[in-house]
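Accompanying notes for the structure given below.
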Amino acid sequence: MAKKKTDTTTIEPLKFSGAWDYAPAPESTGHIKLEKRYGHFIDGKFVEPLSKKYFATYSPSTEEKLADVADGNAADVDAAVKAARKAYNGEWGKMPAAERGKYIYRIARLMQERSRELAVIESMDGGKPIRESRDVDVPLACAHFFYYAGWADKLDYVSPGRKPKSLGVAGQIIPWNFPLLMAAWKIAPALAAGNTVVLKPAETTPLTALKLAEIIRDAGLPAGVVNIVTGAGATGAAIVNHPGVDKVAFTGSTDVGKIIQKAIAGTNKKLTLELGGKAANIIFEDAALDQAVEGIVNGIFFNQGHVCCAGSRLFVQESVADEVIRKLKDRMQTLVVGDPLDKNTDIGAINSKEQLATINKYLKIGVNEGAEIYQPKCSVPSKGYWCKPTLFLNASQSHRIVQEEIFGPVLAVQTFRTIDEVIEKANNTPYGLSAGVWTDKGSKIFKVTQKLRAGVVWANTYNKFDPTSPFGGYKESGFGREGGLHGLLPYLKFD
Ligand code: NAI
Ligand code: MG
């Protein structure tokens, strides 16, 4: 007997009237010990910068200064690369692979032991909700070290029949959206493959990388195997251009990715780039709509949309568009924007004043382009950098808010009628990092995922990560994969 379909469109929307105001539940910061000033971590110890210069890192939610960190110049980078080379030619390069694995494993264990501290510092320095740093960033960062520890003595199985060799010194440059997790994505496979490392965290979020340096020192890793140099773009460029670097791994903006690609053209350096994205999140009429709405919210609003694979373009099948948008607006009313250290917070602070200015620029562009803006009624703290979750309804393919990466909690909404139409629209972007598909039909999932030009496609879920699974993009989203067996390949060469 056919099941009777419930007509949900006739149900009155819920009215939210303070029922969702929770009492504040801030995570304590009493246990956090930050130095007033951090040098670089080079050759196994913290050292004063040769540049003699420092800059401050702030909390984007309070605008308070947290610490000064070293501003590395070419001489600092040179010292770090030399230390990495010495370690590569010395103890680390000669160490049996199984022993190398034990060190990586020890880093993972020490990170786990200090996970609360790492999560709190991540939220203080970068503005992301503690729920996210505690439940996503830190556990996943540990998981990456655990996973790659297991590969260290199994490299012969990476490409059976071919003898793998490490590359030498890896120069790694990471962004501010997942500071500790990106450090783990970069360092763990490099070490498992037998390389040594010079890593530069982003200038607005250096603190968890410096805490990781302490952990690496405490794990007893031979001096120089991992070096952490802080600074901004010029420090990154010094790593890229250093002749002693054998491989560059970069995650960040497409603009800087292009600069790096040009800089190393004609050299022997290997390169992987993980750049921007403009992911399509596609909701078919037969999807479990409440679940899909939760997936939309998770895909773009949590973590302030500071995610390269954020589901920033929503495509809803026309027959369910009104219902999905109504449910989405209702859900947005319940989102808590505010103190990143409060366990109830869904949307924390925008990472920096500059990033907030970029987002606000796009909010103006969207309105001027004629899209209809929607923001829930919610208050934001007076100090710090904040952006309410935002929808742009009736967006069209040619709008800049649909084509360009905004990197904020801003969702451009479009509708579609047929599968072919939505595939064409979804692929019509310079990027190709990720996508989401929501449908009850397995066959539709296969049809759509095969035709989407995106490195990762989630089906009936969003933003799910696992260290065993490769991640990376097509087109202007970059090349090379991180995670899994594929993530080892960029750190190895074969006879
Ligand atoms: P960015 O690409 O300038 O910064 C990323 C990292 O690259 C930082 O560590 C930075 O110090 C370093 N860097 C900057 N210039 C460099 C150079 N010439 N050579 C070597 N390293 C260099 O990103 P930014 O300015 O912080 O953000 C701008 C936009 O980039 C965002 O609005 C967002 O759209 C996108 N972005 C994408 C990320 C991703 O995960 N794919 C992460 C961060 C930003
Ligand atoms: Mg900061």
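Every read-out reported here was derived from the displayed coordinates using simple, explicitly stated rules and does not represent laboratory data. None of these values were measured; they are calculated from a predicted model. In this analysis, Cβ positions are derived from the backbone assuming ideal geometry, glycine residues included, and neighbour counts consider all displayed protein chains.
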inquiry  = Among 469, 457, 418, whose Cα projects farthest towards the positive end of the dipole of region 392-495, with charges put on the beta-carbon of Lys, Arg (+1) and Asp, Glu (-1)?
reply    = 418
request  = In nm, give the distance between the simple-model label positions of residue 382 and residue 158, each being 7 Å from the Cα along the Cα-to-Cβ direction.
outcome  = 5.6
key: Positive-end extreme of charge dipole, region 126-191 - chosen from 140, 160, 182 (charges on Cβ)   = 160
key: FRET efficiency, residue 394 to residue 361 (Cβ-Cβ, R0 22 Å, nearest 0.05)   = 0.60
task = Sort out for me the Cα centre separation of region 131-158 from region 193-270, rounded to whole Å.
result = 19
inquiry  = What distance in nm separates the two pseudo spin-label positions at residue 424 and residue 29, each 7 Å out from Cα along the beta-carbon direction?
reply    = 5.2
inquiry  = Please enumerate, by chain and number, the aspartates and glutamates with C-alpha under 16 Å from the C-alpha of residue 353, excluding those fewer than 8 residues away in the same chain.
reply    = 63, 64, 125, 203
note = Here the gain from full extension of residue 485 to residue 75, 0.36 nm per residue of separation minus their alpha-carbon distance, amounts to 144.1 nm
key: Relative packing of peptides 469-476, 116-123, 183-190 - highest average C-beta neighbours within 10 Å first   = 183-190, 116-123, 469-476
ask   = For the charge dipole of the chain, defined by +1 on Lys and Arg C-beta atoms and -1 on Asp and Glu C-beta atoms about the Cα centroid, which residue among 362, 129, 430 has the Cα displaced farthest towards the positive pole?
value = 430
task = Give, rounded to the nearest 20 debye, the magnitude of the charge dipole that region 280-467 has about its Cα centre when Lys and Arg contribute +1 at Cβ and Asp and Glu contribute -1 at Cβ.
result = 320
note = Between residue 469 and residue 63, Cβ-based FRET efficiency (R0 45 Å, step 0.05) works out to 0.75
ask   = Within the chain, which DSSP H helices have Cα atoms that stretch 18 Å or more along the helix axis and a mean Kyte-Doolittle hydropathy of at least -1.0?
value = 74-89, 97-113, 138-151, 179-192, 318-333, 353-369
task = For region 280-467, give the share of DSSP beta bridges that are antiparallel, in percent and rounded to the nearest 5; count only bridges with both residues there.
result = 10
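Run the dipole for the chain about the Cα centre, Lys and Arg Cβ at +1, Asp and Glu Cβ at -1, nothing else charged, and hand back the magnitude in debye, nearest 20. List each step's numbers first, then the result.
Details: 62 positive and 54 negative charges, 233 e Å.
Using only the charged Cβ atoms, the result is roughly 1120 debye.
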query = Past the 25 Å Cα-Cα mark, which pairs from 52/269; 186/258; 53/247; 262/464; 278/451; 53/383?
reply = 52/269; 53/247; 262/464; 53/383
note = Protection proxy (average C-beta count within 10 Å per residue), highest first, orders 27-39, 226-238, 167-179 as 167-179, 226-238, 27-39
ask   = Looking at the chain, what % of its DSSP beta bridges pair antiparallel, to the nearest 5?
value = 30
query = Roughly how big is region 393-495's charge dipole about its Cα centre, with Cβ charges of +1 (Lys, Arg) and -1 (Asp, Glu), in debye to the nearest 20?
reply = 240
ask   = With r defined as the distance between the Cβ atoms of residue 285 and residue 450 and R0 fixed at 22 Å, what FRET efficiency is calculated, to the nearest 0.05?
value = 0.60
